[in-house]
Amino acid sequence: MHLFSTYHFDLLKKELTEKAGMAYITPADCKALSLMLFGKTQKSISETTLKRIFGFAYSKFTPSLFTMNALAEFCGYTGWDAFCQSKQKTVVKKESHVYKPGKITAKADRITNFTLQTQINHSGIPFQYTIPRNFINEQLSIFMQQPYTATVFTAPAGYGKTIGLCHWVKDLIKANTQKDEKDLILFFNGNTLNSSLQNIHLNHWLMGLIGLSPDEDLDGLAEMAEDFSGRFILIIDGFDEFYFKNNTFETVFKQLADIIAMYHKYPWFKVILTMRSSTWSNFREDIIGQPDLWFTGFMMDSSQKLNVPLFTTEQIKKLCDNINPNIAHDITLPIIDKLSHPLYFQYYYQRYSDNFSLSHFNDLTYYNLVAANYYHNVYKGHYAIEKVLLITGIINQMDTDNRVYEVSKIRIFELIKKYGSAYQEMLSAGIIEELNLSRENKLNFVVKMIDDTTLEYALAMILMYNNNYVFDDNLVNLTDLVFGRDKKLPIIKWFIYNAVHKDYRFELKALLSVQLLPKEKSEIIRFIGELLKIQHVNTKMTERMEDLFRQVCSEEFFNYFISLEFIDIGYEEVLETFLQFRLSNQQQILIKTCLAAIAIMQLDLTKIEKHFNDLKQYNLKALQNLPINPVNCIETILFYLKYGIIKKESLTEITRFYFNPVQNTGVSKGFTEVVYLLALYTSTICQKHNKAAKFINGLNKVYRGYSTGYAFILKTVMAESYLASGYEDKAKAVFNEISITYNEQDGGFTTFMKVLYEGLKIKLTLPVSNQLAVVNNIKNLIKLCDDSKQIIVKVNTLGFILTNYAVLKENVYVFNDLYFDFIKSIRNNGCRTEHFMNDEIKWAETTPANSTTNRLQNFSLNRN
């Protein structure tokens with residue numbers, strides 16, 4: 001009796017459909033075929049069994065002997081055994097079956113060149129501008145030299161797998177033409193398999209594809225093409241299950257796995273695949289379970305489903321130079337962060353192809369690209385409504401309370417069946433993905449959005465739809481209630497983006513009720529500022545923009561924007577943007593006062609002087625009623641830093657205030673807080689630390705409405721004042737108090753707040769035995785200050801460290817590096833060194849370089 005043979009059973013299925021008069025069999029034909037079988041053989045083979053046989057339904061087992069006998073009898077044989085005997089291959093090789101290597105190679109070359117040209121034509125960026133990918137060359141170089149038979153590249157859609165592979169294939173073809181021992185290269189797309197494999201075993205189809213008899217296999221290829229001494233390189237791009245219907249992909253995958261295992265003995269046989277991460281996750285165990293056969297490259301993520309990297313800085317620059325070689329391209333960190341994704345670089349190119357330059361990139365570019373991707377792959381096409389309903393259904397099943405944003409496929413199985421075509425399209429486009437995370441003791445097949453940004457955009461659009469596309473208190477409060485901090489801020493930013501870019505009604509005052517950390521609030525402010533800036537530059541002042549700015553400039557919302565806890569470069573740009581619009585005189589004075597305060601933190605005397613002179617042009621009578629005049633404070637700081645002269649007016653006002661504190665009247669809350677903070681820095685910069693501490697005590701008696709961030713800054717300044725006045729214990733007590741707040745906020749502080757905290761921390765923890773830790777803390781603070789231009793905190797901290805030279809007495813080279821940075825930062829800004837230290841500091845004499853105790857090895861303040 002013959003055992004089951006895939007080869008013979010495929011021949012039997014082919015003959016069965018021919019006898020039944022079915023050129024191509026479909027699931028609907030299985031019922032008719034079942035009746036025909038019973039009518040001729042009187043043996044009942046069910047419709048479901050036939051669907052399993054032809055791959056329309058999943059089957060774990062091979063057909064029974066009863067089934068095989070029935071099919072063979074229908075075809076005119078006495079049974080399965082007789083059929084197999086009739087199909088035995090002859091061992092005599094016929095002359096007509098002798099194939100020349102050149103003929104086989106020519107057929108494969110035609111297919112490969114057609115596939116290559118098709119893929120090149122589909123490139124989102126003209127192929128001549130695209131670049132080879134190093135990771136492909138590296139992985140395939142190793143693979144080709146090692147005894148592996150197959151390798152795989154796996155990543156979500158849009159990572160550039162296909163274009164990178166096309167470059168490699170193109171180079172391979174070019175090199176092949178120059179070789180004496182030519183390779184047989186067969187390159188095609190996975191979708192070809194779906195459309196071509198009609199009841200044919202993959203091995204037979206491959207042989208027929210290159211011009212061999214379908215009855216042959218690689219043994220036959222090796223025998224018939226004895227003069228062939230190159231490699232047979234089989235390349236399948238996009239070997240993904242969403243191309244296949246009714247679980248036929250699993251059958252095809254198993255057939256390919258069998259081919260790889262069977263022909264592993266041939267070192268000249270190589271298989272290269274690309275696939276989506278979702279396909280990889282479903283068949284990962286089958287692949288990694290055969291480490292001798294498969295080379296999986298270098299996985300780059302914790303879940304081990306990605307071995308394709310994003311673009312590097314050098315690759316982004318090369319792409320830009322290829323597209324527009326006539327200009328210099330400045331590659332900034334935000335550009336690297338957002339355009340390193342090949343899909344978004346492609347969208348960016350398509351948006352600006354007529355005048356390509358990275359100068360078009362701004363903080364909102366990424367939002368435009370994400371929205372464009374969602375529009376093209378969800379809102380366009382025949383199944384747009386079904387896609388939206390499906391995404392809504394998936395999101396409704398997410399456990400947002402526990403921040404779980406993936407859904408068990410079992411829970412949405414009926415939804416997937418209902419919108420099957422929409423589901424397949426979104427899998428193909430890379431909007432959603434399936435992941436099989438199952439283990440031996442637990443089934444865990446999940447569906448999720450492809451990445452966090454796409455999820456956040458989808459969440460925002462669903463919430464806005466449910467709120468009739470109105471951005472108001474109801475929408476913001478619902479978001480605040482449903483989502484945690486990980487999603488709340490991104491979703492709110494999408495609300496604001498859509499409100500400005502689309503015809504949605506919006507009420508910005510709704511933001512006032514959202515509970516945000518200082519850092520999150522700072523991000524919102526910068527985001528709105530960037531929106532206003534771009535809209536102001538790119539469009540006329542439409543009624544819509546007028547309405548937006550009216551809301552921003554309302555006293556209630558304007559105070560939302562004004563606070564010195566947000567001090568950094570981005571906040572400075574936001575305030576400069578505001579000055580482009582129509583503001584009241586008091587609002588203009590407030591913004592210019594804030595800009596002067598930022599310039600003080602940057603230790604930029606030129607800017608301080610400019611803003612001071614600008615402020616003098618206004619009618620400042622309203623400020624004369626304030627207990628502290630901010631213009632006097634700015635003038636005092638300017639004169640002290642520039643000339644070493646202490647003007648008395650502001651210090652007199654500060655003294656008067658802490659002896660007789662009174663509330664500010666007639667000005668906004670934001671203006672009040674800016675004035676008080678300026679008064680504090682006037683005292684500390686001018687070395688009047690006792691005044692600063694007394695001022696805070698007086699302030700606490702009359703003003704208690706400040707925010708958490710503002711309170712934090714006041715306490716930090718208080719601790720600095722105690723430390724500078726010699727009250728170290730009091731300083732540590734305040735520091736311990738604010739450390740609790742700092743740790744509780746879990747990264748929620750603004751850059752300015754972090755700089756103040758880290759500077760104080762270094763000063764209070766300076767006398768420790770672990771000098772390397774001290775140096776690393778100093779180095780990190782210097783980088784943070786330089787990146788955010790918080791120069792005054794840097795020089796103040798360095799001055800304190802250098803004054804306490806004993807801490808670094810055994811590390812002269814470290815001391816001199818710090819001294820050099822200290823002097824450079826002060827003199828570059830036109831200030832005097834004595835403003836930031838109590839004792840005279842001199843360059844330290846160095847000892848011989850071979851003394852390891854006098855130097856921390858390889859220390860560099862500027863090294864990242």
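Give me LEU784, LEU339, LEU548 sorted ascending by neighbouring Cβ count inside 10 Å, so fewest comes first.
Details: LEU784 17, LEU339 26, LEU548 21.
Result, fewest neighbours first: LEU784, LEU548, LEU339.
Testing the spin-label approximation: label points 7 Å from Cα along Cα→Cβ at ARG110 and VAL702. State their distance in nm.
For ARG110 paired with VAL702, the spin-label model returns 9.4 nm.
Counting DSSP beta bridges with both partners in the chain, what percentage is antiparallel, nearest 5?
Details: 10 of 30 bridges.
Here the antiparallel bridges make up roughly 35 percent for the chain.
Using 18 Å as the cut-off for backbone N distance, which residues of the stretch 342-382 belong to the label zone defined by a point 7 Å from the Cα of ALA328 along Cα→Cβ?
Residues 357-361 fall inside that zone.
Could you work out how far helix 630-643 tilts from the main Cα principal axis of the chain, as a 0 to 90 degree angle to the nearest 10?
The two axes meet at around 90 degrees.
How many angstrom separate the Cα center of the stretch 150-195 from the Cα center of the stretch 563-607?
Between the Cα centre of the stretch 150-195 and that of the stretch 563-607, the gap is 56 Å.
Under 12 Å from the 7 Å Cα→Cβ point of LEU437, by amide nitrogen: which residues of the stretch 263-303?
303
Once amide H atoms are built 1.01 Å from N in the peptide plane, which residues 5 or more positions from PHE269, or in another chain, come under 5 Å H to H?
Close amide H contacts, sequence-distant or interchain: PHE232.
Provide the gained length on full extension for the span LYS40 to ASP258, in nm with one decimal, where the gain is 0.36 nm per separating residue minus the Cα-Cα distance.
Length gained, LYS40 through ASP258: 75.0 nm.
Apply 1/(1 + (r/R0)^6) to the Cβ-Cβ distance of ASP337 and SER123, taking R0 = 41 Å, and write down the FRET efficiency to the nearest 0.05.
On the way: r = 24 Å, r/R0 = 0.58.
Once rounded, the FRET efficiency stands at 0.95.
First measure r as the distance between the Cβ atoms of ALA384 and LYS509, then evaluate 1/(1 + (r/R0)^6) with R0 = 35 Å and state the FRET efficiency to the nearest 0.05.
Values: r = 34 Å, r/R0 = 0.97.
For ALA384 and LYS509, the calculated efficiency is 0.55.
Assuming a ≥ b ≥ c are the square roots of the Cα gyration tensor eigenvalues, decide whether the chain counts as rounded (a/c under 1.5), prolate (otherwise, with a/b larger than b/c) or oblate. Provide the component values of the computation, followed by the final result.
On the way: a/c = 2.94, a/b = 2.17, b/c = 1.35.
Verdict is prolate for the chain.
How high is the FRET efficiency from ALA773 to ASN402, r the C-beta distance, R0 35 Å, rounded to 0.05? Spell out each step's value before the answer.
Details: r = 37 Å, r/R0 = 1.06.
In this case the efficiency is close to 0.40.
Near the amide H of ILE235, under 5 Å away, which other amide H atoms are found, from residues 5 or more places off or on another chain, if H is placed in the peptide plane?
LEU186, PHE187, PHE188, ILE272
Which part of the stretch 674-690 falls in the paramagnetic zone of THR803, meaning amide N under 16 Å from the point 7 Å along Cα-to-beta-carbon?
Counting only backbone N, you get 683-690.
State, to one decimal in nm², a quarter of the convex hull surface area for the C-alpha atoms of the stretch 373-450, i.e. the direction-averaged projected area. Show your work: numbers first, answer last.
Values: hull surface 21.7 nm².
If you wrap the Cα atoms of the stretch 373-450 in a convex hull and average its projections, you get 5.4 nm².
Can you compute the modelled spin-label distance between GLN663 and SER86, with each label point 7 Å from Cα toward Cβ, in nm?
Computed distance between label sites GLN663 and SER86 equals 10.4 nm.
Going down the table (LYS592/LYS763; LYS270/LYS305; LYS305/LYS448), which pairs top 24 Å between alpha carbons? List each step's numbers first, then the result.
Details: LYS592/LYS763 32 Å; LYS270/LYS305 22 Å; LYS305/LYS448 15 Å.
From the list (LYS592/LYS763; LYS270/LYS305; LYS305/LYS448), the Cα-Cα distance tops 24 Å for LYS592/LYS763.
With everything on Cα atoms, drop me the angle between helix 648-659 and the longest principal axis of the chain, reported from 0 to 90° to the nearest 10.
Its long axis makes an angle of about 90 degrees.
What is the packing order of peptides 147-157, 510-520, taking the mean over residues of other C-beta atoms within 10 Å and listing the highest first? Display every interim value, and only then the final one.
Details: 147-157: 21.5, 510-520: 16.5.
So the peptides 147-157, 510-520, ranked by packing, come out 147-157, 510-520.
Hey, rough spin-label estimate for ASN736 and ASN828, points 7 angstrom out along Cα→Cβ, what's it come to in nanometres?
3.9
Please list the non-local residues whose amide H lies under 5 Å from the amide H of PHE471, H modeled 1.01 Å from N, same-chain partners needing a gap of 5 or more.
ARG505, PHE506, GLU507
Give me the percent relative contact order of the chain, please, defined on Cα pairs under 8 angstrom at least 6 residues apart. Please report the intermediate quantities before stating the final value.
Values: 1060 pairs, mean separation 63.3, N = 864.
Answer for the chain is 7 percent.
With n ≥ 4 as the cut-off for DSSP H runs, can you work out [θ] at 222 nm for the chain, using -39500 (n - 2.57) per run divided by the number of residues, rounded to the nearest 500?
Result for the chain: -18000 deg cm²/dmol, rounded to the nearest 500.
Would you mind calculating the gained length between GLN145 and ILE410 on full extension (0.36 nm times residue separation, minus the Cα-Cα distance), in nm to one decimal? Please list the in-between numbers first.
Working: separation 265, 0.36 × 265 = 95.40 nm, distance 4.34 nm.
Gain on extension, GLN145 to ILE410, equals 91.1 nm.
Count neighbours as other Cβ atoms within 10 Å of each site's Cβ, and list the trypsin sites (Lys or Arg not before Pro) in the stretch 239-319 that are DSSP loop with at most 11 such neighbours. Could you put the intermediate results ahead of the total?
Numbers: sites: LYS245, LYS254, LYS265, LYS270, ARG276, ARG284, LYS305, LYS317, LYS318; in loops: LYS245, LYS265, ARG276, LYS305.
Listed in order of number, the matching sites are LYS265.
Arranged from highest to lowest average of other beta-carbon atoms within 10 Å per residue, in what order do the peptides 479-486, 374-381 appear? Numbers along the way, then the final one.
On the way: 479-486: 14.1, 374-381: 15.6.
Highest mean packing first, the order is 374-381, 479-486.
Does the stretch 6-86 classify as rounded, prolate or oblate by the C-alpha gyration tensor (a ≥ b ≥ c root eigenvalues; a/c under 1.5 gives rounded; else a/b over b/c gives prolate, otherwise oblate)? Walk me through the numbers before you get to the answer.
Working: a/c = 1.39, a/b = 1.19, b/c = 1.16.
It is rounded, given that a/c, with a ≥ b ≥ c, falls under 1.5.
Counting other beta carbons within 10 Å of each Cβ, put LYS592, LYS487 in order, fewest first.
LYS487, LYS592
Using Cα atoms only, what is the angle between the long axis of helix 585-602 and the major principal axis of the chain, expressed in degrees (0 to 90) to the nearest 10?
The angle comes out at about 80 degrees.
Coordinate-derived values only; no laboratory data. Keep in mind the model is a prediction, meaning the values are calculated, not measured. Cβ coordinates were reconstructed from backbone atoms using ideal geometry, including for glycine residues, and neighbour counts include every protein chain displayed.
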